[in-house]
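What follows is a short report on a single structure.
Bear in mind that the values in this text are calculations on the coordinates, not laboratory data. This is a predicted model, so every value here is computed, not measured. Because the Cβ atoms are built from the backbone with ideal geometry, glycine has one as well, and the counts that use them run over all protein chains shown.
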Amino acid sequence: MLLQYAENDPRVNATKAGYQTALKAGGKQFQSYVYPGTRHGFHNYSTPRYNEAAAKLAWERTIAYFKRYLT
């Protein structure tokens, strides 16, 4: 699994540690990234929360992950 988090997303981030603990306990492999200075929806260019640099990096990581695990 690929997990990508905004740094400033209290509701989602409140569940992050427990979720990752459960994944580890279940023997699941995952990669997790936190994007500094971002808020929930940072990849959505139609909102003021959009962060171009973080969105580009997250997209590059997503495509690389897909190429590695889905091809």
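Annotation note: chymotrypsin sites (Phe, Trp or Tyr not before Pro) in region 4-58 located in DSSP loop regions with a Cβ neighbour count of at most 13 within 10 Å are PHE30, TYR45.
Computed from label points 7 Å out along Cα-Cβ, the spacing between ARG11 and THR47 is 0.9 nm. Per-residue ellipticity at 222 nm computed for the chain from its helices equals -16000 deg cm²/dmol, with DSSP H segments shorter than 4 residues left out and the rest contributing -39,500 (n - 2.57). Straight-line reach only, C-alpha to C-alpha below 26 angstrom: list the lysines that LYS28 could link to, leaving out same-chain residues fewer than 8 apart. Once the sequence-local lysines are set aside, what remains near LYS28 is LYS16, LYS67. Each Lys and Arg Cβ is given +1 and each Asp and Glu Cβ -1; about its Cα centre, region 9-71 then shows a dipole of about 160 debye.
Given the choices (i) 28, 22, 21; (ii) 40, 37, 27; (iii) 38, 32, 16, Cα extents along the principal axes in Å derived from the coordinates of this structure is entry (iii).
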